[in-house]
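Written below as structure tokens is the structure these notes are about.
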Amino acid sequence: MLKVEHIGIAVKSFEEAIPLFEKLLDTPCYKTETVVSENVNTAFFKKGETKIELLESIDPSGVIARYIEKKGEGMHHIAFEVEEIEAEMERLKKEGFILLNEKPKTGADNKLVCFLHPKSTNSVLIELCQEIK
Ligand code: ZN
């Protein structure tokens, strides 16, 4: 793993959350992107090396909507940048971590991603991401 690439935060509405994070971080949201396969809108902010990713559900049955229903808004996941996602997935699998997808998926922000099951990571949802070259 190279570094924390971004921190994902689940929010109910971009309309409220984007201006709030723009004020908080004193920097404009530089990109919004819809990930249709995950039923989610994403909005990105950058501070130094690290990004903040806001996640808003597109529909009430989406994974983020269900998360907010159960746990409320807030910290959703930590994403680590990796050089070779398949090799890292293999390594973590061997170490006993549970992968939520067996093959890397295309995520937001030009990334291949894989999530680890929180039950194998002290209840912290971990994302691996690799820049698509
Ligand atoms: Zn993420």
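The values are calculated or read from the model by the stated rules, or taken from the named source; none is laboratory data. In this text, all values refer to a predicted model and were calculated from it rather than measured experimentally. Here the Cβ is made from the backbone with ideal geometry for all residues, glycine too, and neighbour counts use every protein chain on show.
Observations on the model:
- The single condition from (1) among the polar types (S, T, N, Q); (2) surrounded by 11 or more Cβ atoms within 10 Å (Cβ to Cβ); (3) more than 14 Å from the chain's Cα centre (by Cα) that Ser61 fails is (2).
- Lone unmet requirement of (1) within 16 Å of the ligand (Cβ to nearest atom); (2) over 14 Å from Ile7 (Cβ atoms) for Thr50: (2)
- Of the criteria (1) away from the ligand (no atom under 14 Å from the Cβ); (2) at pLDDT 95 or above; (3) closer than 22 Å to Ile132 by Cα, which one His6 fails: (1)
- Selected residue (criterion: surrounded by the most Cβ atoms within 10 Å (Cβ to Cβ)) from residues of the stretch 110-123 that are more than 10 Å from the chain's Cα centre (by Cα), within 13 Å of the ligand (Cβ to nearest atom) and closer than 15 Å to Val4 by Cβ: Leu116
- Scanning the stretch 18-39 for residues that are among the aliphatic types (A, V, I, L, M), within 15 Å of the ligand (Cβ to nearest atom) and free of Cβ contacts under 8 Å to residues at least 60 places away in the same chain gives no hits.
- Scan of the stretch 12-58 for residues that are β-branched (Val, Ile, Thr), touching a Ser or Thr at 6+ places or on another chain (Cβ under 9 Å) and surrounded by 14 or more Cβ atoms within 10 Å (Cβ to Cβ), ordered by number: Ile18, Thr32, Val35, Val40, Thr42, Ile58
- Matching residues in the stretch 54-100 - criterion: being in a loop (DSSP other than H, G, I, E, B) and free of Cβ contacts under 8 Å to residues at least 40 places away in the same chain: Ile58, Asp59, Pro60, Ser61, Gly62, Gly72, Glu95, Gly96, Phe97, Ile98, Leu100
- Lone unmet requirement of (1) in a helix (DSSP H, G or I); (2) at positive phi for Ser123: (1)
- Qualifying residue in the stretch 67-77 (condition: under 13 Å from the mean Cα position of the chain (by Cα), surrounded by 17 or more Cβ atoms within 10 Å (Cβ to Cβ) and aliphatic (A, V, I, L, M)): no
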